[in-house]
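Nothing in this text is a laboratory measurement; each read-out follows from the coordinates by a stated rule. Note that the structure is predicted; figures quoted are calculated from it, not measured. Positions of Cβ are generated from backbone atoms using ideal geometry, with glycine treated the same way; all protein chains shown enter the neighbour counts.
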């Protein structure tokens, strides 16, 4: 048990280090600006006086490490600064949208993960059958489709005939069932995009194992193919499968950006796109930090979980 | 439901078409390639056929397009008829012409970006593997840090800082994707630099540039070519997504991503026209993926046990 705690502590430390580096990169990116933030903001309207005033106001006269320290300590206390475009506190703009985005990603994950596991196991079980071939070609095509293409096809097929709304209007006092209904199309889009990849990897991981001697042994014992796959192959394939799930959940984070724009869903992705168009660097930085942290944390969780499923890695001294 | 029937019809037509194309290639090509062509799966033949058609359209766009790329030739949102085969867009420009010019702009920019990412990423990766030591460590840790940020998010951050124009788009996406290429190139090259013939070349007194060019690159080419196909798909999808979000290729340049965005309102009225550019993007990525899949399968030399 002790070894497990040490391992988790090591991974956590590494995760914190990664988060620190990521925040430095995101903060440091603004240092790449030709000129500085103040001159970029003012553009043509810049006079020496207004420039100097804005620099003082934004704290640009401090050296970079000091500004990073102020920014990072603010973020840790939930203070992301103010938006450059609207002058509103960024934390207020983010709070409601963060919840919406997490809701959408979880909704999609709740459909996609079980679906892709079942499809992957079935494809491995009936490998080289017609089902396997169709599923494989379908998955390869789905991976190649841009998210907005999938989204518009769904709108065309399902929303045009009035089954589901194509624009998502969320109100705070909505029932959960209504919310699930209204957000069904964006969730389905994300599901279709990530399921393909997860299914292919599940199939590959299981088929890889089917060549091992202990599977041959199980087969010679006369076990049914389903039992071999579920009891003997699947537990050993868990580590790669968990990794693929984590990669895809992380992918959901970036996938939401496009999908939110298509369905006019009030989430972080849409706010980010709007802010990029307005070149509101403070908001973009804040959202990029949130997305990147979620990405790092997901990968960290996958790392720990896949180690936990493998007794040989756990007992390694 | 008309769309579904159309899809079924398209798939039904493409199967015999790829079959004929494969047979034709096996006849026309020189002997070695003909054997490879004869044994390739139908999906790969279909992929090569589609890529060839795209290259043809992109090359001869001005001859094929009935109208110019940017001129307004009618009223907005005209339906399909004999003068404007696919109708007109939001500003009254001919849809078909813009679709054809889009092949040139969208695919051309994606290709240039991938090529740039590849030159930078693979040269740095091979160089790092060759030199080793602090240079390798420094570069690799730096790339690790950049890769901890999702690529679309990082591209959006960089585009905010540098503004949106075609040049910054190419540079930003190439920089982000070069990190991924670096990883692959470095790991492939690490397997090569420990070989005896590298040692022999070093003892002969050859320089780093000679080693990269004449000894390492030829031996690392196969996995890098497959990676190029995959990378192209990613870059192409990223650029299309960014254009769709209004942050990529800027108007009035004809581009598939922004064409979807501009005309999306038509979809809610049951018109399929805005789906055509999106479909054009999807078709090309599917085609490239089919070919890459086949190449990877050939390179691995593996046959799945049945």
What's the angle, to the nearest 10 degrees (0 to 90), between helix A:234-262's Cα axis and the longest principal axis of chain A? 40 degrees
Compute the distance in nm between two label points, each set 7 Å from the Cα along the Cα-to-Cβ direction, one at residue B:171 and one at residue A:16. 3.8 nm
Using the 2.2 N^0.38 Å rule of thumb for compact globular proteins, work out how chain B stacks up: its C-alpha Rg over that value, please. 1.16
Rounded to the angstrom and largest first, Cα extents along the principal axes for the stretch A:99-279 equal 63, 34, 32
With label points built 7 Å along Cα→Cβ from the Cα atoms of residue B:250 and residue A:62, find their separation and express it in nm. 3.4 nm
Using only the Cα atoms, what convex hull volume per residue in Å³ does the stretch B:115-218 have? 101 Å³
Any idea what diffusion coefficient the stretch A:1-158 gets from Stokes-Einstein, in µm²/s, Kirkwood Rh on alpha carbon pairs, 20 °C, 1.002 mPa s? 100 µm²/s
Most exposed first, judged by fewest Cβ atoms within 10 angstrom, A:221, A:179 run A:221, A:179
Where does the Debye-calculated log10 I(q)/I(0) of the stretch B:74-158 sit at q = 0.14 Å⁻¹, using only Cα point scatterers of equal weight, no solvent? -0.70
For chain B, the longest principal axis of the Cα atoms and the Cα long axis of helix B:133-147 enclose an angle in degrees, to the nearest 10, of 20 degrees
I need to check one value: relative contact order of chain A, counting alpha carbon pairs closer than 8 Å and at least 6 residues apart, in percent. 25 percent
What base-10 log of the normalised intensity I(q)/I(0) is obtained for the stretch A:108-210 from the Debye formula, alpha carbons as equal point scatterers, at q = 0.16, 0.19 Å⁻¹? -0.75, -0.93
Nearest 10 degrees, 0 to 90: what angle lies between the long axis of helix A:90-125 and the longest principal axis of chain A (Cα atoms)? 20 degrees
Debye sum, Cα scatterers, the protein assembly as shown, no solvent: what log₁₀ I/I(0) at q = 0.07 1/Å? -0.50
Could you work out, residue by residue across A:15-28, how many beta carbons of other chains sit within 10 Å of that residue's beta carbon, and then give the average as an integer? 2
May I ask you to sort B:209, B:80 by Cβ crowding, counting other Cβ atoms within 10 Å and putting the fewest first? B:209, B:80
Run through every distinct alpha carbon pair of the stretch B:247-292 and return the Kirkwood hydrodynamic radius in angstroms, one decimal place. 11.6 Å
Over all viewing directions the Cα convex hull of chain A casts an average projected area in nm² of 22.0 nm²
Calculated Rg and Dmax of the stretch B:195-255 using C-alpha coordinates, Å: 19.8, 57
With label points set 7 Å from each Cα along the Cα-to-Cβ direction at residue B:17 and residue A:130, the distance between them in nm comes to 2.4 nm
Please report, in Å, the Rg and the Dmax of the stretch B:1-107, where both are computed over Cα atoms only. 17.9, 55
Within a 10 angstrom radius of each residue's Cβ in B:144-151, how many Cβ atoms of other chains show up on average? Whole number is fine. 6
Neighbour-count ranking [beta-carbon atoms within 10 angstrom, fewest first] of A:21, B:225, A:121: B:225, A:21, A:121
Whether the stretch B:32-178 is rounded, prolate or oblate, judged on the alpha carbon gyration tensor where a/c under 1.5 counts as rounded: oblate
Output needed: percent of Cα pairs per 10 Å distance bin for the stretch A:176-317, bins running from 0 to the one holding the longest distance. 10, 27, 28, 19, 11, 4, 1
Cβ-Cβ FRET estimate between residue B:60 and residue B:214, R0 fixed at 41 Å, reported to 0.05: 0.65
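Can you give the average number of partner chain beta-carbon atoms within 10 Å of each beta-carbon in peptide A:248-254, as a whole number?
Values: counts 0, 0, 1, 2, 0, 3, 9.
Mean number of neighbouring Cβ atoms from other chains: 2.
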What does the convex hull of the Cα atoms come to per residue for the stretch A:202-241, in Å³? 53 Å³
